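Here is the structure we will look at, set down as structure tokens.
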Amino acid sequence: MLLKQPLQHVFVQISETLSQLSDAEYTRPSSILSAATIGQHVRHIIELFQCLEMGYEAGIINYEKRKRDHRIETDKVLATELLKNIFRQLDKPDKEIIMQAEDYCETAGVINIPSNYYREIAYNLEHTIHHMALIRVGINEVSQVELPAEFGVAYSTIKFRQQCAQ
């Protein structure tokens, strides 16, 4: 799968960052992030990938109905292990998937949006990078951990900056 290398890159960045944070830093509410914790953002990243994996066989995913496991937001070791498990499960063939949404419009009920596995992997990758940017903000508030310059920066932004530097 073409997206496996960038996914590995961001998962390694997250895992290495978690290993540098104390448990207190991982679970400390950030005032800048509306009292959310780094752990809550990591949980959210993991659970969207888990939701995609759980719905793959049936071909139906509903991110809004994902299981919320609060242990992930307090246990860095568990979070790191789950990232490794997700990465190992990514090598599935592309297939059509229905992404269900129901919280966008109260009167519409459930909306079925045609998609496919690779498109959802790409969405989750971009979503992960977005949350990494938020994690960066939280880390700057609650910790002294040094992050790589590209942590939480979209690949298109990195590429654009490289072109501008030339």
Dipole of the chain [Lys/Arg +1, Asp/Glu -1 at C-beta], most positive-end residue of ILE46, VAL12, ASN116: VAL12
Answer label for Rg and Dmax of the Cα atoms in Å (calculated), chosen among (1) 15.1, 46; (2) 15.2, 52; (3) 16.6, 51: (3)
Centre separation in Å (Cα based) which lies between the range 77-99 and the range 43-71: 10 Å
Test item: Cα-centred dipole of the chain, Lys/Arg +1 and Asp/Glu -1 on Cβ, debye: 280 debye
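What's the longest bit of the chain with no exposed GluC sites (Glu not before Pro), using DSSP loop states and at most 15 other Cβ atoms within 10 Å as the test? Intermediate results must be reported in sequence, preceding the final value.
Numbers: sites that count: GLU57, GLU102, GLU106, GLU146.
The answer is 1-56.
Quickly estimate the mean residue ellipticity at 222 nm for the chain, helices only: each DSSP H run with n ≥ 4 gives -39500 (n - 2.57), and the total goes over all residues, rounded to 500. Could the numbers behind the result be given before it?
Working: 6 runs with 91 residues, N = 166.
The helix contribution divided over the chain gives -18000 deg cm²/dmol.
Given a Förster distance of 41 angstrom, what is the FRET efficiency for THR157 paired with ALA58, based on the Cβ-Cβ distance and rounded to 0.05?
Values: r = 35 Å, r/R0 = 0.86.
Efficiency for this residue pair is about 0.70.
Values quoted throughout were computed directly from the atomic coordinates according to the rules given, and no laboratory measurement underlies them. All of these numbers come straight from a predicted model, not from anything done at the bench. With ideal geometry, Cβ positions are generated from the backbone for all residues, glycine too; neighbour counts draw on all protein chains shown.
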